[in-house]
1. Considering only DSSP beta bridges whose two residues both sit in the chain, what percent are antiparallel, to the nearest 5?
2. Any chance you could get the radius of gyration and Dmax over the Cα atoms of segment 158-254, in Å?
3. For the chain, set up a Gaussian network in which alpha carbons nearer than 10 Å are linked by springs, and say which option among Met203, Met110, Met35 fluctuates the most.
4. Using a 7 Å offset from Cα along Cα-Cβ at Glu137, what residues in segment 83-107 end up with backbone N under 18 Å from the label point?
5. Could you work out Rg/(2.2 N^0.38 Å) for segment 8-281, with Rg from alpha carbons only?
6. As a test of the formula, what do you get for the chain when each DSSP H run with n ≥ 4 contributes -39,500 (n - 2.57) and the sum is divided by the residue count, at 222 nm and rounded to the nearest 500 deg cm²/dmol?
7. So which trypsin sites (Lys or Arg not before Pro) in segment 187-218 end up in coil per DSSP with only 11 or fewer other C-beta atoms within 10 Å?
8. Of Lys80/Lys279; Lys27/Lys184; Lys43/Lys229; Lys91/Lys184; Lys193/Lys259; Lys213/Lys281, which pairs sit farther than 29 Å apart, going by alpha carbon to alpha carbon?
Amino acid sequence: MVSGGRSMNKNDKYEAQDNEIKERLSKVKHKLLVMSGKGGVGKSSVAAYLAIALAESGYKTGLIDVDLHGPSIPRLLGIKGKIQPADTPGKIFPVAGIPNLSVISIEFLMGEDRDRATIWRGPIKIGVIRQFIADIEWPELDFLIVDSPPGTGDEPLTVAQTIPDAKAIIVTTPQEISLADVRKSINFCRQVKMEILGIIENMSGLICPHCGKKIDLFRSRGGELVAEKEDLTFLGRLPIEPEVVLAGDDGKLASIRDKSLAFTEEFEKILAYVVDLIKEKE
Ligand SMILES: Nc1ncnc2c1ncn2[C@@H]1O[C@H](COP(=O)(O)OP(=O)(O)OP(=O)(O)O)[C@@H](O)[C@H]1O
Ligand SMILES: [Mg+2]
Ligand SMILES: [Zn+2]
């Protein structure tokens, strides 16, 4: 139990809510949780781009952002949340993104409360996250991509426990300090018994725009070595790509899929790998 179950009431409430969440997520075939031990490694960008690529490949895809402190999905996709109430009272529909993609961000619900989230204490955050996940009326989906908060604290724990059949994709950068955090994420997944689909190494080198050679700003292969050592699948590496920053800042992350960039090329390989792995396990 996340918060130690202070009273019977709370346990009962959680159990009822767990069932409700299970029911709501039963229309989703595959749930993927994008996580990282450390902030700023590109989780949200990878989660959003993965959802875009899946949707454009014809999969019915959902993208949910559960980061109370930094919900960045609406910004990356340029979506403003116009929440529609669902047929079931108190429930809401996700917002339409590009074709095949439904998006919901905790930001759509928090509105002006966003700054307040920083003073919420653990149990309140846990309650808000659970309620949020319970309230969304998803359509039938092939994939649901969850952009989870960084770290291994209460918030990612709540997400992991609320969506127990999700598989984790761990994002890291290649340098040592980030790899220490990736080990924490791996242990976290093992503790909550969440299957790890694999590791993605992001910001892995920069392709020189002048000569096309790769410059390893933060070393290289770190993510791959951890994967090897921990007997996990290495899903691939994504280079540092200034267009990712620009497109993300402009709310047009979907637009880079049409460009021929090393980032998009590598991402297509990762996408194919992820889909293969999932199909293998079906
Ligand atoms: N491969 C990449 N190349 C260049 N910039 C990138 C790449 N991946 C992510 N970024 C940039 O790095 C910054 C952080 O990315 P993002 O917000 O996706 O990280 P995050 O892990 O979700 O962060 P947080 O922990 O705060 O949620 C953004 O400005 C994003 O555009
Ligand atoms: Mg993020
Ligand atoms: Zn060069």
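1. 15 percent
2. Rg, Dmax (Cα atoms, Å): 15.3, 48.
3. Met110
4. Backbone N within reach: 83-97, 102-105.
5. Output field value: 0.97.
6. -12500 deg cm²/dmol
7. Loop-located and lightly packed - Lys193, Lys213.
8. In this structure, Lys80/Lys279; Lys27/Lys184; Lys91/Lys184; Lys193/Lys259; Lys213/Lys281 exceed 29 Å between Cα atoms.
Quick note: the coordinates plus some simple rules give every number you see, no bench work behind them. It should be emphasised that the depicted structure is a prediction, and the values quoted were computed from it without experimental measurement. Here the Cβ is made from the backbone with ideal geometry for all residues, glycine too, and neighbour counts use every protein chain on show.
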